[in-house]
Amino acid sequence: MLYKISNQFNYVLLGCCMLIGASCTPPMNEYNAAMLFFESAQFKGYYPITLPLHAPDSTMMRIKAEVPKRWQGLACEMSFYTLPNTTADTTYLKFLDAYDRHFKVDSARAFTQMIRGRIFINQLQYDTAAACLQEAYHLSEKAGHMVRMGDVKTYMARLAAQRSQYPEAIRLYMEVHDIFKPLTPHDGGRYMELMLVLGRVYQTINDPVLAAHWHRYAWQEALKDSFRTRGYHIQFAMALAEDHLMMQHLDSARIMIDSSFKLEALYQNHYLKSERYRLLALIQIAEQQCDTALKNLHLAYAINESPDRPKIVSRYLYALGKGYQCKGQLDSALFFYQKALSTPDTARQAMMYKDMAWVYEQKQDRDKALFCERKSSELHRRTFTTEKDMAVGRAQVQRDAEERLQRIEAAHQKARLWYGLSLFTLIGGLVVSGYLLYRYREHRKVLAIEKAYLAQLEAEKTKALTDVQTDLSDKEKRLQETEAILNLKEVFIEELKMQLTLNAPPQYPSQEALEKATKGLATMSILTTDDWMLFRELFDQRFPNYILRLHEQLPQLTTADVRLFLLIKIGFDANEISHILGISYKSVYSSRYRLRQKIGLVADETLEDFIQRF
């Protein structure tokens, strides 16, 4: 018969097999070679599923024939873990017997005795289980296999807890803790499981504070390698929910149980689903949501994954009694409490008798209530005095646990200190780097400002030089214009002289006559059209297109205005203009005023300055 197993579960089992024993624990390189062999195509990807597991002897014979000798122990243990969870205990025992017969070595015997011890614990055969575990521990110690010694001690601690020997159970779990702690990076599953169980032991002895401490610590360790340990996240959330419930921190309990359901949906992991509904119902009972709690309790009882284990079944029956007690159905509550008394857990029996005493008190049956109270007290005393006196034993175990926790916290404190120093160094480096970067950027800004300032100075110098050159050019131009005006004036005067000479008598003039003629130049006027045309022709020769530009830019000027404009341009004053144009001195000023109005000069600008610039 072939059993379909997920690849993830296969690797978990293979990891367990690898670390469990002597003959089946090859070195890592050897193990990788073994995995390549067992997962080859000829074995359909996983060797154990090709074996007739229902026939143990045939399985062993095939392993001997098909598997290299150095890997045969590993193959046997892989085959055992491939058996389905629903396999009967008798089938398990037959498989172990066949393993002993075909492989007569100490490592095989240690493995088979350890598994027998586990089976007998589940069957409540405590003495037989103890004998098997003692032999397995002796063989493992003889071979010096620390991991297997830890596995065997784990079952020993579980046996002590089943027998209500809680101080001894805690002591053994602490010893296992010291063995498994160094293996955490490679075999974190064992370490996670140990802290989970240790917290549950503290729950059983009604110490939820220490239980929550171990469960929180386990979750923190699991988060360091979240992918490999994600299967435990749901269990840690459930355990912490129960811790908070015991401490009456209902809001925290509700948050944790809700987280477990969300993780179930996230990981598609339905393991212990009935336990999640049981815890949810207990929280609802504490919140007085009795009807909803009862529905969840019946659902949990119906889907219970371990119906053949009295201790687990008793836990659901006890929860159902609490649910009916919450609803006020006292007879139903008593019925489930009495059925739950079948558990071998004396601590839980003590709690049940205490609850039954309360129910009988409500029913006014004081005799039964008193009997249940006495029974609860007796069981409670027995729970903590199986091997030691309760006060001394529990205090001793708690002190040992606290010492171990202090060592763990010291190690964590040291790690936090190094982390803090590293973080401080990193932050300091970032601050210094940031400061240097800031100074560099500020220096760049200063350089940019200085560069811009120098560029501005250079631009100002260039502009000043350009302005000076422009000013010199304007002055040279004005000088040239002034020179041209003077020349024009001289030419104009010469032309007038020639006209006088031509009109004068032919005899040679005297000195007096010449002085008189020169003096009369000032009184020479432009009265005729020919005079004006001559003047204009001479002006155009000295100033080409000037008159045309004047008409274009100032078309409102009359001919008289233009004559006045040109005479002022040449440099004649008002007295000379009055003689040249043949008008009075006052008329010249009137003409100048009208010319200013037509040009549109402002009050502070002279007519001469405007004409010279034009």
| note | Note on Asp97: of the conditions (1) of a type outside the set (Lys, Arg); (2) open to solvent by less than 40 Å² (accessible area, probe 1.4 Å); (3) in contact with a Ser or Thr (Cβ under 9 Å, 6 or more places away or on another chain); (4) in contact (Cβ under 8 Å) with a residue 24 or more places away in the chain, unmet is (2)
| Are any residues in segment 354-373 open to solvent by less than 20 Å² (accessible area, probe 1.4 Å), over 14 Å from Asp331 (Cβ atoms) and under 56 Å from the mean Cα position of the chain (by Cα), and if so, which ones? | Ala357
| If you go through segment 318-331 one residue at a time, how many are open to solvent by 10 Å² or more (accessible area, probe 1.4 Å) and closer than 15 Å to Met352 by Cβ? | 5
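Counting only residues that are without any contact (Cβ under 8 Å) to a residue 40 or more places away in the chain and either of a type in the set (Gly, Ala, Ser) or open to solvent by 30 Å² or more (accessible area, probe 1.4 Å) (or both), how many does segment 141-152 have?
Residues meeting the conditions: 4.
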| said: Please determine whether any residue of segment 77-88 is under 24 Å from His145 (Cα atoms) and open to solvent by 30 Å² or more (accessible area, probe 1.4 Å). | reply: yes
| said: Just the residues that are surrounded by fewer than 19 Cβ atoms within 10 Å (Cβ to Cβ) and without any contact (Cβ under 8 Å) to a residue 60 or more places away in the chain, please, taken from segment 207-220. | reply: Val209, Arg216, Gln220
| query | If you go through segment 466-486, how many residues are modelled with pLDDT of 65 or more and either open to solvent by less than 100 Å² (accessible area, probe 1.4 Å) or not in a helix (DSSP H, G or I) (or both)? | reply | 8
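For the structure I just gave you, tell me whether Tyr508 is modelled with pLDDT under 85, open to solvent by 80 Å² or more (accessible area, probe 1.4 Å) and part of a loop (DSSP other than H, G, I, E, B).
yes
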| request: Working only within segment 560-574, note down all residues that are open to solvent by 50 Å² or more (accessible area, probe 1.4 Å) and without any contact (Cβ under 8 Å) to a residue 24 or more places away in the chain. | output: Asp573
| query | Among Ala293, Ala302, which is the only one that is open to solvent by 60 Å² or more (accessible area, probe 1.4 Å) and among the small types (Gly, Ala, Ser)? | reply | Ala302
| query | Is one or more of the residues making up segment 85-101 at pLDDT 85 or above and not in a helix (DSSP H, G or I)? | reply | no
| When segment 416-455 is examined, which residues are found to be aromatic (Phe, Trp, Tyr) and under 30 Å from Gln220 (Cα atoms)? | Trp418, Tyr419, Phe424
| request: Would you check which residues across segment 596-613 are among the basic types (Lys, Arg) and at pLDDT below 85 and list them? | output: Arg613
| query | Are any residues in segment 36-50 closer than 14 Å to Trp71 by Cβ and either modelled with pLDDT of 75 or more or of a type outside the set (A, V, I, L, M, F, W, C) (or both), and if so, which ones? | reply | Leu36, Phe37, Phe38, Glu39, Ser40, Tyr47, Pro48
| field | Failed criterion for Ser164 (all others in (1) open to solvent by less than 40 Å² (accessible area, probe 1.4 Å); (2) in a helix (DSSP H, G or I); (3) more than 22 Å from Phe80 (Cβ to Cβ) hold) | value | (2)
| query | In the list Ile611, Ile547, which residue meets the criterion of being free of Cβ contacts under 8 Å to residues at least 60 places away in the same chain, open to solvent by less than 60 Å² (accessible area, probe 1.4 Å) and within 24 Å of Ser473 (Cβ to Cβ)? | reply | Ile611
| Is one or more of the residues making up segment 259-276 closer than 20 Å to Asp355 by Cβ and hydrophobic (A, V, I, L, M, F, W, C)? | no
| Near pairs, Cβ below 6 angstrom, 6+ apart or cross-chain, from segment 263-275 (modelled with pLDDT under 65) to any residue that is outside any loop (DSSP other than H, G, I, E, B) and open to solvent by 30 Å² or more (accessible area, probe 1.4 Å) | none
| task | Note down all Cβ pairs under 6 Å where the first residue falls in segment 248-261 and is crowded, with 16+ Cβ neighbours inside 10 Å, the second is small (Gly, Ala, Ser), and they're at least six residues apart or on different chains. | result | Ala253/Ala241; Met256/Ala237; Met256/Ala241; Ile257/Ala241; Ser259/Ala237; Ser260/Ala237
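For every residue, the table says whether it meets (1) open to solvent by 10 Å² or more (accessible area, probe 1.4 Å); (2) of a type in the set (A, V, I, L, M, F, W, C).
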residue: Ala129; (1), (2): no, yes
residue: His138; (1), (2): yes, no
residue: Ala157; (1), (2): no, yes
residue: Glu168; (1), (2): yes, no
residue: Leu172; (1), (2): yes, yes
| task | Identify, by number, the condition in (1) touching a Ser or Thr at 6+ places or on another chain (Cβ under 8 Å); (2) farther than 19 Å from Met192 by Cα that Val152 doesn't meet. | result | (2)
| Just a yes or no: is a residue in segment 511-522 within 19 Å of Gln612 (Cα to Cα) and modelled with pLDDT under 80? | no
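The values are calculated or read from the model by the stated rules, or taken from the named source; none is laboratory data. Source: prediction; values computed, not measured. Heads up, the Cβs are rebuilt from the backbone with ideal geometry, glycines too, and the neighbour counts pull from every protein chain shown. Ligands, DNA and RNA are excluded from the accessible area calculation, which covers all protein heavy atoms including side chains. Shrake-Rupley method; radii C 1.70, N 1.55, O 1.52, S 1.80 Å.
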